[in-house]
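> Quick one: this structure, given as C-alpha cells, is what I'll be asking you about.
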Amino acid sequence: MHIFLVDYPAFKCTPLLSVLTVIRAAILIQKWYRFTMARLEMRRRYSLSIFQSIEYADEQDQLQVCDLPSFLYNVYNNHLPRATLQQHLLEHFHLGPDLCLKEFEKKIDVPDSYYGPRLSFPLTVEDANALLHAFRNEQLLHARYVLQLLSETRRVLKEMPNITHLSTSYSKDITICGDLHGNLDDLLLIFYKNGLPSEQNRYVFNGDFVDRGKNSMEILIILFAFLLIYPNDLHLNRGNHEDYIMNLRYGFTKEVSKKYKDHWKQILCLLRDVFSWLPLATIIDSKVLILHGGISDTTDLDFLNALERSKGSALHVSHAVSVKCRINRSKLLPQENVANETCILDILWSDPRSQNGCTPNKSRGGGCYFGPDVTAKLFERYNLKMLIRSHEFKPEGYEISHDGKVITIFSASNYYEEGSNRGAYIKLTPELTPRFVQYQVSKFTRRQNLRERVGTIESSALKSLREKIYAHRSELTSAFAQYDVNGTGRISVNDWAAAMESVLQLELPWRMLRSQLAQMNPDGEVDFMSCFYDLKMDQPIKEAQPALAETLCRYRKDLEIIFNIIDKDHSGLISLEEFSQTWRLFTSHLGIDVQDDSIDKLVLSIDYNKDGHIDFNEFLEAFHVVHRLEKKATS
C-alpha cells in the first residue's frame, strides 16, 4: 500500500501514526460496508429466486388440473351423481358472448346515488380523464358502462389483425410496457412520467394486464377506453393471463365478482370473449417483433397471422400447457384448433435462455426455452432486428439477452413484495433504439432502511418456501430417509440439499438456505425433520389426517378454482354436500388416496355456524391450523 500525504496544514501538524490510523479505520469501514451490502444483496437475490421458483412451480402444479375442462367433460359424460353440481361446473365453460350480449340488452339502471363517471359513446379524452380521476379516488365504474365499454371494445378488436403492424415517423417514439398484473399505481405512474396516450404519444401494452394485483378491472377499463379513443395509437397484445381459467386461479375472477356483485357474470362472460380477440403480436417498421412470451423453433409468423385467434370450443384454455393436455384436448377439439392453440401457446408462455436450441419449458411446464440460434433463425427468415417480450419478472424491470436481440420488459414494480423490484418501460426511437425508463412505486419502503426492506422481502419469501416444503412433506421425508440408512434422523448438508432439490425441483441454493430452514447438530449434520418445525398448530382437529392436510396445502388453489365455480352467486358459501362431492371428484381425478370419511369429518368440524354451509376462507384457515398442530406432535 502506498500512502501519499497531501501538503495541507491539517496534515502538517498531525502525527503520521494518527494519519495511518485514520486511513486504516476508513479502509475497515469501507470493507465492512461492502461486506454488509454484499450480504444484503445476496439475501435479496435468493429471496427473489425463491419467489420466482415457487411462481413457476405453481404454474407447473396447475398442469395437474390444466385439462380441468376435459375433467369436467368426463364428469358430465360419466353421469356421476349430483347433476346440479355438474351443471354448476360446466356452466362456466359454456357461456358464450351471445348470451352475454343478450343479458346486456336488459335495462341496467344507473341510480341517482351513483357519483362515478357517466360515459357516453363514442368516448372522448374527457371521459378517459374522468375515469383516471375516479380510479385515483378508488371509485367504481357502474356496471352499465363497464358492459357497454366491453361491448364496444369487442367490436373494435374483432376488426384488428392477429399481428398489428406499426411504423415510426421521424419525430415519434413508441412506448412499450410489459406486465402490469393489476397494479394500477404503476400504470398511473407511467402515464404521469410519460404522458397519456395520444396521436403523438403511442403505446404498446404487451399483455398480462390482470391477475395478482387488486386493480385489474380498473387497468382494463383505462386501456380499453384509450383504445376506443385512439385505436391507431394504443395497441394491446394478449398475455397468458388474459385467459378465463388463469383468472379463476390468480384472482381476477374474484376481484370482478366482489366489485360487481349483481352483474359479475355478464362482465366476465363478455371479458372472456374480449380476451380471445386481443391481437397476438405487434411488428414495428417490419423490424421489431413484440409479443408476450417468446418463440419456438416452429414459430411461423405467417401462420400466426392467418389463424382464427378466437376460435375454440367451450373446452378451450390457452394455458393447457403440457403435451399430455394437448393430447387430451385433441380428442375433444378439431385438429385445426389444436394447431392454433399450440402456436398461441408458444408465443404466450416461452422464455429465452442462453443455451442454443429449443427445449420444453420445464420451469413453467409450458411453452419452451428458446436459445440464441432459434432467435437468429427467425430473424433471418423475417428480416427482423429485435424481439421485445415480457412474461418474466426482472429485478430491474428489464433484461437484455441473445446479444442484444431479445429484450424482456416487466412493468409491475413491487411484484412479489413491497420493494422487491423496479418496473420499467421502453421508449423506442424512430431509429429503433430502445431507451429504458425505470421506476418504483413507493408507499411504505421510504420509511424503511435497506436492511428492513430486504428483511421484509426475505421473510415473505421464506414463508412461501416453508409452505411449499410442508405441501411435499411426505415425499421429502421419504427422500431424507433414503440418505439416513441408520435411522438417526440426521444426514449431511449435501444429502439434505440433494433431497430437497430432488423433490421440490426449485433450483434454489439449498446449502445457503439450510440455516433458514433446518437445524444442524454440533457434528455438522442436518436434523432433517426440523424442516417442518415451523409448521405446527394452535388448536387440535383430531379428525384431520396428516395426508389430508398435506394434500389440501398442495392443491388449495386448484380447489379454490372449483369452489368458485360451484359458488354460482359468489356468496362465499357452498353446501357441505357440494364440497364433499367436489373433493371426491377432484381427488379421484388426481389419483390422490385419502380416506372417504376424512374430508367429511374435517368439514363438519369447521362448520362453525352449523348451517350446512362452508366458507372457503375459513376452511383454508382451519387447514393451516391442522398442519401447525401436526408439527407439534412430531417435535
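FYI, it's all coordinate maths here, none of it is from the lab. Every value quoted in this text rests on a predicted model; they were computed, and no experiment measured them. Cβ coordinates were reconstructed from backbone atoms using ideal geometry, including for glycine residues, and neighbour counts include every protein chain displayed.
> Order 178-187, 37-46, 343-352 from most to least packed using the mean count of other Cβ atoms within 10 Å. Could the numbers behind the result be given before it?
Numbers: 178-187: 26.0, 37-46: 14.4, 343-352: 23.4.
The densest-packed peptide leads the list: 178-187, 343-352, 37-46.
> Past the 31 Å Cα-Cα mark, which pairs from 362/394; 214/427; 31/362?
Working: 362/394 19 Å; 214/427 27 Å; 31/362 41 Å.
Violating the 31 Å Cα-Cα cut-off are 31/362.
> Residue 199 to residue 297: FRET efficiency via 1/(1 + (r/R0)^6), r the Cβ-Cβ distance, R0 25 Å, to the nearest 0.05? Mind showing how you got there, number by number?
Numbers: r = 39 Å, r/R0 = 1.56.
Between residue 199 and residue 297 the formula returns 0.05.
> Another one. How far apart, in nm, are two points set 7 Å out from the Cα along the Cα-to-Cβ line at residue 385 and at residue 488?
6.4 nm
> Calculated FRET efficiency, residue 527 and residue 121, Cβ-Cβ r, R0 60 Å, to nearest 0.05?
On the way: r = 67 Å, r/R0 = 1.11.
E between residue 527 and residue 121, to the nearest 0.05, is 0.35.
> Decide, for segment 393-435, between rounded, prolate and oblate: order the square roots of the alpha carbon gyration tensor eigenvalues as a ≥ b ≥ c, take rounded if a/c falls under 1.5, and otherwise choose prolate if a/b is larger than b/c, else oblate.
Oblate, since a/c reaches 1.5 and b/c is not below a/b.
> If I model a spin label as a point 7 Å beyond the Cα along the Cα-Cβ vector, how far apart are those points for residue 356 and residue 436 in nm?
2.7 nm
> If you take the square roots of the eigenvalues of the alpha-carbon gyration tensor of segment 122-286 and sort them as a ≥ b ≥ c, do you get rounded (a/c under 1.5), prolate (a/b over b/c) or oblate?
prolate
> Between residue 613 and residue 463, what length in nm is gained on full extension when 0.36 nm per residue of separation is reduced by their alpha carbon distance?
51.0 nm
> Using the number of other C-beta atoms within 10 angstrom as an exposure proxy, rank 475, 138 with the fewest first.
138, 475
> Can you work out the FRET efficiency for the pair residue 109 and residue 287, with r the C-beta to C-beta distance and R0 = 56 Å, to the nearest 0.05? Could the numbers behind the result be given before it?
Values: r = 51 Å, r/R0 = 0.91.
Taking R0 as 56 Å, the efficiency between residue 109 and residue 287 is 0.65.
> Now, a different point. Treat each spin label as a single point 7 Å out from the Cα along the C-beta direction, and report the residue 37 to residue 21 distance in nm.
So the two model labels end up 2.8 nm from each other.
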